[in-house]
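**Student:** Mind looking over this structure? Questions follow.
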Amino acid sequence: MLTGQWWKVTASLSPVLVLVALGVGCEDQARYQGLISKFHDATAVVIATAKTTYVELNKAEREHYVDLQLAQRKPIEAFELAKSQVLDAQETALRMSSLDVLGKYSDLLVQLATTQTPASVESKTTDLQQWVVTLSGDVDKLAGTNSAQFQARTKSVLPLLGTALQAFVNAKTGAALKKATGDAIKPVNDFIDALETDMRLAHARERNFLSGRRSDAYVHYKVDLEAKADGAKLRADADSILLLEGQWETFESESPIAGLEAMKQAYGALVEFVRKPKPSGADYTTLLGAVDSFVNAARQVGLAVQTFTAK
């Protein structure tokens, strides 16, 4: 669950920093500090909410199993409870690691922006390359229908991401770093796409589960009403309906997919901005709009997850 000042999570930082370092003069850097800060916070929130989505998926399936056993007055077995979960421990851990790779990639770009010297980031890049190699090997070992698509998509993009990282290692000039940053857009976005596809499947399962619980709540109220249950029982049934309807209202906006999509758009706008020899006021306005859209999307999914998991 996201608690407290969720928008201040510092799990990852934004590619905007490297673009400032590579494409914006020193006299203009102060102008972009607000954008840097907002993009940094939004990136952290989107990664955190994506992790929460995976955690909540298994939680929802456990609740579904327990509710079903209770309704049918059947035993609740620990083994069956564990089996009801969509993702096992390894599958969940690999998805968390994939999101960490995205955060670490952003951290690499932050160091590039801070040092502005190619040689100083070689070690950090090499470490991230090893993370990618390890993740790729672990993904190869995945089994089960719930991870088949995730495995296929991730396996195809991780080698390309590794190649993009190597370009940072090979870069010896600022111009080479700028080119490496631009060339990395496609593999990074393809990696995000793989996570998005997996989350759509997870979100659909949660949606079906929540829809079923809503229907059951109305049925329970009707049955108790026809059985002339006492007021306390009907009040409890009504409270259950209100609770589930509140969850349903926030559920559609809770998925981090919108945040990931906005991240891709903002990252693309940032790279286009830095490619311009002399960015104009209109270029800055376009960049500002893309970053604001990303920040708004991140805020929406962050608040929705906080609301949904608190219920």
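**Student:** Going down the table (Lys155/Lys186; Lys59/Lys233; Lys179/Lys278; Lys124/Lys172; Lys38/Lys264; Lys186/Lys276), which pairs top 22 Å between alpha carbons?
**Tutor:** Lys59/Lys233
**Student:** Around Phe79, under 15 Å between beta carbons, what's the net of Lys plus Arg minus Asp minus Glu among the other residues?
**Tutor:** -1
**Student:** If we count every other residue with Cβ under 15 angstrom of Ser156's Cβ, Lys/Arg +1 and Asp/Glu -1, where does the sum land?
**Tutor:** -2
**Student:** Given N residues in segment 142-250, what is Rg(Cα) / (2.2 N^0.38 Å)?
**Tutor:** Here the answer is 1.91, to two decimals.
**Student:** Can you list the aspartates and glutamates whose alpha carbon sits under 13 Å from that of Lys104, skipping same-chain ones fewer than 8 residues off?
**Tutor:** Leaving aside aspartates and glutamates fewer than 8 places away in the same chain, those within reach of Lys104 are Asp127.
Since every read-out is calculated from the coordinates, none of them should be taken as a lab result. Keep in mind that what you see is a predicted model, and the values were worked out from it rather than measured. Cβ atoms come from the backbone with ideal geometry, glycine included; neighbour counts cover every protein chain shown.
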